[in-house]
1. Could you provide, to the nearest whole Å², the per residue accessible area of the chain with probe 1.4 Å?
2. Whenever you get a sec, compute what percent of the accessible area on the stretch 1-137 sits on carbon and sulfur atoms (1.4 Å probe).
3. Suppose accessible area is computed on protein heavy atoms with a 1.4 Å probe; arrange Lys378, Lys4 from highest to lowest.
4. Let me check something: with ligands and nucleic acids excluded, how do Met34, Met307, Met300 order by accessible area (1.4 Å probe), largest to smallest?
5. In nm, to one decimal, how far is the Ser39 label point from the Gln16 one, both placed 7 Å along Cα→Cβ?
6. Residue separation times 0.36 nm, minus the C-alpha to C-alpha distance between Glu381 and Gln164: what's the value?
7. Based on DSSP, what percent of beta bridges with both residues in the chain are antiparallel, to the nearest 5?
8. In percent, how large is the relative contact order of the stretch 266-341, given Cα pairs closer than 8 Å and 6 or more residues apart?
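The values are calculated or read from the model by the stated rules, or taken from the named source; none is laboratory data. Not measured: the values here are computed from a predicted model. In this analysis, Cβ positions are derived from the backbone assuming ideal geometry, glycine residues included, and neighbour counts consider all displayed protein chains. All accessible areas refer to the heavy atoms of the entire protein, side chains included, with ligands and DNA or RNA removed. Shrake-Rupley method; radii C 1.70, N 1.55, O 1.52, S 1.80 Å.
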Amino acid sequence: MESKVFEWIEQERQRQENTIELIASENFTSDNVMRAMGSCLTNKYSEGYPAYRHDGVGRKGRYYGGCQVVDRIEEYCCAKWQEVFQTDYHVNVQPHSGSQANLAAYQAVLKPGDTILAMDLNNGGHLSHGSAANFSGKIYHTVFYDVDENGFIDYDDIARKIRQYHPDLVLAGASAYSRIIDFARIREILDKCATGGRRPWFMVDMAHIAGLVAGGVHPSPFGLADIVTTTTHKTLRGPRGGLIFCRPELAGKVDGAVFPGTQGGPLQHVIAAKAVAAEEACTPAFRDYARRVVENCDAMCREFLKMGYHVVTGGTENHLFLLDLSRTHPRLTGAMVQEELDRHGITLNKNCVPGEKRSPMEASGVRIGTAAETTRGKTAEDFAAIARRIDAVIRELDKKVAEG
Ligand code: DSN
């Protein structure tokens, strides 16, 4: 019997094929990544870790028989991700998602009630960076560093808040921030603020920019951060999932925090797909892709600026940027623009902006990213043309709202 679900999958395939995809956290995986994900590996239970590892970290092995093949895949996957980021950091490839990776990373080095200093969701941070509604804000005490009046990370505020709150962990990383994050500067601040020879843990969640780091177009956090988490499905263009890297001395703590700390059986079909994505991310073609993502984003952003839009921070240095509609189209919410563009075959998401007055469900901004359409081969000129199409839709919508 053919399942009803395949009809919907076909509808979704057509939707993806027939729309312009500008959601900054989405991408299109290769057929090989899909093939690995849709394989018999989904049948296999393999709680635990391969007993012998390429990097010499001792692990006890699995709790199930029949893991000979998945052991090889998982070991290969770990080695490939170290190659992607040219690092000797230990890597755990089992986290099911970015939030799971963050949960395990915190658990590896923090106790409930410890203090995390991170970027606020409204300023471009992520739910799992300490939002009150999320586990991270419930288990840990979170304080947030600010952005300045132009939307740039206020590095002096990081130093001030470290002195004021003595956080146990400082987290860098964002889901809606269009500028280079200066990891070296944050590490320097942490070293300077160390008290009694002890500095806070430095964690980087590079989920959004990981593909740019891999492609050499964003500074790397390796060698600076103690723990680095990421997803594999955004700019890295792999399957939906997470990774945790850590300094080798934290390997046991991180592995224990993933399993048995916060997860059960790993998704071996996804780990296989992560290995395929890592192979792809090691290629010169991927470096070229990462460069084009950033160039295309800059071209599109400049087109919006030329048309008079307010871009948070006034530009972009990565794969995304935010339009603050409250400055140019105060009648419109991000939600209204998202819905209207949906009707015109352009997909993006509403987003809060610094100093947001509206709820996250309405929001005053929209977030635009170029990773997915660059995968489809779009050029800087194509992106500038899409910007003009979006402008036409926004102007028409604004007129309609004004006329009531
Ligand atoms: N929710 C994702 C995003 O869209 O940025 C981050 O996990």
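1. Numbers: 17390 Å² over 404 residues.
Per residue, the chain has an accessible area of 43 Å².
2. Numbers: 3780 of 7140 Å².
Heavy-atom surface of the stretch 1-137 belonging to carbon and sulfur, 1.4 Å probe: 53 percent.
3. Numbers: Lys378 55, Lys4 100 Å².
Reading off the accessible areas and sorting them downward yields Lys4, Lys378.
4. On the way: Met34 110, Met307 65, Met300 0 Å².
Result, largest first: Met34, Met307, Met300.
5. With each label point 7 Å from Cα toward Cβ, the separation is 1.9 nm.
6. On the way: separation 217, 0.36 × 217 = 78.12 nm, distance 4.79 nm.
Full extension of this stretch gives 73.3 nm more.
7. Details: 20 of 36 bridges.
Looking only at bridges with both residues in the chain, the antiparallel portion is about 55 percent.
8. Values: 49 pairs, mean separation 14.5, N = 76.
Answer for the stretch 266-341 is 19 percent.
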